[in-house]
Amino acid sequence: MAVKEPRANVTGGSCHRNIEDYGIIGNMLTAALVGKDGSIDWLCLPRFDSPACFAALLGTPDNGRWKIAPRDENTLCSRRYLDGTAILETRFETVTGVVTVTDFMPLSAEPGKTNLVRIIAGERGQVDMQMELILRFSYGQAVPWVQRRDYGLSAVAGPDTVHLHTRLALKGEGKTTRSRFTISQGERLSVTLSYHASTLVPSFVPDSQESLQQTTNWWHEWSKRERHPGGPAHWQRALERSLITLKLLTFEPTGAIIAAPTTSLPERIGGQRNWDYRYCWLRDSALTLLALLQAGYRQEAEAWRQWLLRAVAGDPDQLQIMYGIAGERWLPELEVPWLAGFEQSKPVRIGNAAASQMQLDVYGELFDTLHGARVAELQQRNEAWSLQKVLLTTLAQKWQIPDQGIWEVRGPARAFTHSRMMVWVAFDRAITAAEQFHLDGPVDEWKGLRAMIHDDICQNAFDRQKNSFVQYYGGKTLDASLLLMPQTGFLPPDDPRVLGTLEAVENELLKDGLMLRYSADDAQDGMDGGEGAFLVCSFWLADAYVLCGQRDKAAIIFERLLALRNDLGLLSEEYDCVAGRMLGNFPQAFSHIGLINTAHNLLRVDGPARERAQRRG
């Protein structure tokens, strides 16, 4: 549904704006971030994880951007998504008239081909407009060779070629292409940026209005598949926007779902907690599958599970916590020195060294996902069970080894409680699958290990003085991931230790109505400085309230989280409660997955999550 905001002033050429000032458009191959001022400041081509050709988001305009906006800097703007679509409309109002800019990316029928369409329409009076195109390949470093063409221009740098198709008169000023024009009521202009590999001949660009209609129709058909759980109208709108966002973060050729389309948006302004999220984390898998299935998107759930199986196939000792969008395993982490960082937040990182960490919890998330797929009767593959049995053999030998945990700390390895709990989940789901679906396996051996792990956690991770489970064995700090205990079925929701943990986590990690994932000041996580509230953890708190019979408290925190979305209904990874602004990569899949699952939990209090927790407890 369309979400509007109060009109905002659009300033001139600065790239320093808040994270929430952006909207996302995409074609399930890549995505672009569009600012309120009409500037596209982030776009990677041809894939989500490719080098950016517009990187002003992490630097300056000279690192690449494409801006279309009124020349009058005192413009007022509002924006919305067209109902049920990922088509973004920005409305600019000046003293002389009103103009809209409609931005979208048609779905590509050609491999490796992407079009980005911008339609400028005069709504009232006359508006003097300007376009500024600064193309920079290789994350804002490489200046391309630009040539004028009869259709506009082409820009070439190495393997990449971008074409600008337009009837506007273009002027080159150094390394920048500009155009000035006036649009009157009833007039409509379009500009299309088209990407393809340099070895290919540029193909015909479809009519912009035809592309708009086709893209609108596709999104409407996709949105109609959503299974609405009922509830307040604004909850339904939030669910729809979150599902569309999740679809935008899907790499269609493989079914992979990335964590976010950006890299290095800071978890604290000016800090070093800046990571590349354009990859796929196994720990997102179970909650992603649940969100898709609950909303009725079985095809997407099946594609995600198939990607998962392909990615983890191979030597069980080489199971990773994350993979590339085509299943790539090698994701070396580099720093980009020529980008100044979002609001001087350095370093800007490409790749993610966490891919090489050992995080035992991913076994539990993988097994929970595959069990959920069986329960949902997704298309079965015999090799999935064979893979699971081999993985359990490996896990039985290594479950007591300290790891880096769910939060991928770059400090010392520890016996993290959440990691051990998810090891328990792996054996528990395997036992349940074997018994429920009559699958072969050493079930008695698995039951013995499950009981051993459960006892180990209860004896070593529960602090009687705090009346709470703690983040790691022998520690005193708390961790928001402990809120998942009743959801996984490790303990029933009414267990005194669960209720004590919930109270302790509230007291120590709940700040301004939102959850910290842990106390960064006390955790010795290998990084300097703190961070914002981790939004998915706040959704976990709401889920824990639901399971523990405190639905009213869950609804209050859910409404608080809905209020944090930007005017387009989008969420980042974290939130700065003091400054009142978003932090972290954007938009964040995990936050929107949390929104979807919490909404369904609230609207179905006695649903599967509670039944599963009580049954296994």
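So what's the angle, to the nearest 10 degrees on a 0 to 90 scale, between helix 535-547 and the longest Cα principal axis of the chain?
On a 0 to 90 degree scale, this one is about 40.
Please give, to one decimal in nm, the separation of the simple spin-label points placed at D495 and R180, each 7 Å out from Cα toward the Cβ.
7.1 nm
What is the packing order of peptides 276-289, 126-139, taking the mean over residues of other C-beta atoms within 10 Å and listing the highest first?
Highest mean packing first, the order is 276-289, 126-139.
For S519 and R225, compute 0.36 nm times the residue count separating them, minus their Cα-Cα distance, and round to one decimal in nm.
101.7 nm
Along the charge dipole of the chain, which of V117, G23, Q459 sits closest to the positive end, that is, farthest toward it, with unit charges on the beta carbon of Lys, Arg, Asp and Glu (+1, +1, -1, -1)?
V117
Once the principal axes of the Cα atoms of the stretch 8-199 are found, what is the range along each, listed largest first in whole angstroms?
46, 35, 32
Quick one: if you stick a label point 7 Å off each Cα along the C-beta vector at E187 and C577, how many nm between them?
5.1 nm
For the chain, what's the radius of gyration and Dmax over Cα atoms, in angstrom?
According to the Cα coordinates of the chain, Rg and Dmax are 24.6, 78 Å.
Relative contact order, percent, of the chain when contacts are C-alpha pairs under 8 Å separated by at least 6 residues?
12 percent
Can you tell me the order of 163-169, 536-542 when each peptide is scored by its average per-residue count of other Cβ atoms within 10 angstrom, highest first?
Packing proxy ranking, top to bottom: 536-542, 163-169.
Suppose the chain between R237 and E335 were pulled fully straight at 0.36 nm per residue; how much longer would it get relative to their current alpha carbon spacing?
Separation in residues times 0.36 nm, less the Cα-Cα distance, equals 31.4 nm.
Need one number for the stretch 251-616: average projected area of the convex hull over its C-alpha atoms, nm².
That works out to 17.0 nm².
Would you mind checking the tilt of helix 443-460 against the longest principal axis of the Cα atoms of the chain, expressed as 0 to 90 degrees and rounded to 10?
Orientation of helix 443-460: about 80 degrees from the principal axis.
Given Cα positions, please report Rg to Rh for the stretch 207-358, the hydrodynamic radius being the Kirkwood one.
1.03
Please rank E93, E445, fewest neighbouring Cβ atoms within 10 Å first, as an exposure proxy.
Neighbour counts put them in this order, fewest first: E445, E93.
Using alpha carbons only, how many angstrom separate the centre of the stretch 107-141 from the centre of the stretch 473-496?
Using only Cα atoms to place each centre, the spacing works out to 48 Å.
For the chain, what does the helix formula give at 222 nm: sum of -39500 (n - 2.57) over DSSP H segments with n ≥ 4, over the residue count, nearest 500 deg cm²/dmol?
Estimated from H runs of four or more residues: -10500 deg cm²/dmol.
Starting with the highest mean, order 417-425, 490-498 by the number of other Cβ atoms within 10 Å, averaged over the residues of each peptide.
Per-residue Cβ counts within 10 Å, averaged per peptide and sorted highest first, yield 417-425, 490-498.
With an 8 Å Cα cut-off and a minimum separation of 6 or more residues, compute the relative contact order for the stretch 8-199 in percent.
Result for the stretch 8-199 is 19 percent.
Would you kindly derive the ³J(HN,Hα) couplings of the stretch 252-258 from the backbone phi angles with the Karplus curve 6.51 cos²θ - 1.76 cosθ + 1.60 (θ = phi - 60°), listing them in order in whole Hz, with x for Gly and Pro?
4, x, 10, x, 5, 10, 7
Arrange the following residues from fewest to most other Cβ atoms within 10 Å of their Cβ: E73, E110.
Ordered by Cβ neighbours within 10 Å, fewest first: E110, E73.
Once both axes come from the Cα atoms, what is the angle between helix 298-312 and the longest principal axis of the chain, in degrees from 0 to 90, rounded to 10?
Long axis of 298-312 versus the principal axis of the chain: about 70 degrees.
Please give the length that would be gained between Q400 and D512 if that part of the chain were fully extended, namely 0.36 nm times their separation in residues minus their C-alpha to C-alpha distance (nm, one decimal).
36.7 nm
Using a simple spin-label model with points 7 Å from Cα along the Cα→Cβ vector, what separation in nm is obtained for E377 and M452?
Between E377 and M452, the simple spin-label model gives 3.8 nm.
For the stretch 309-336 and the stretch 28-85, compute the distance between their C-alpha centroids and round to whole Å.
If we compute the Cα centre of each part, the gap is 29 Å.
What residues have an amide H closer than 5 Å to that of I25, excluding those fewer than 5 places away on the same chain, when H is modeled at 1.01 Å from N in the peptide plane?
The answer is A32, V34.
For D160, which sequence-distant residues (separation of 5 or more, or a different chain) have an amide H within less than 5 Å of its own amide H, given hydrogens modelled in the peptide plane?
Correct list: S198.
List the residues, sorted by chain then number, that are 5 or more residues from R581 or on another chain and whose placed amide H is less than 5 Å from its amide H.
HN-HN under 5 Å from R581: D576.
Only Cα pairs under 8 Å and at least 6 apart count here; give the relative contact order of the stretch 317-398 as a rounded whole percent.
Once normalised by length, the contact order is 25 percent.
I want to make sure I understand the PRE zone here: with the label point 7 angstrom from the Cα of S356 toward its beta carbon, which residues in the stretch 274-303 have backbone N atoms less than 20 Å away?
Residues passing the 20 Å test: 274-282.
A short reminder: the numbers here are calculations on the coordinates, not readings from a lab. Bear in mind the structure is a predicted one, so any value in this text is a computation, not a measurement. Please note: Cβ atoms are built from the backbone with ideal geometry, for glycine as well, and neighbour counts cover all protein chains shown.
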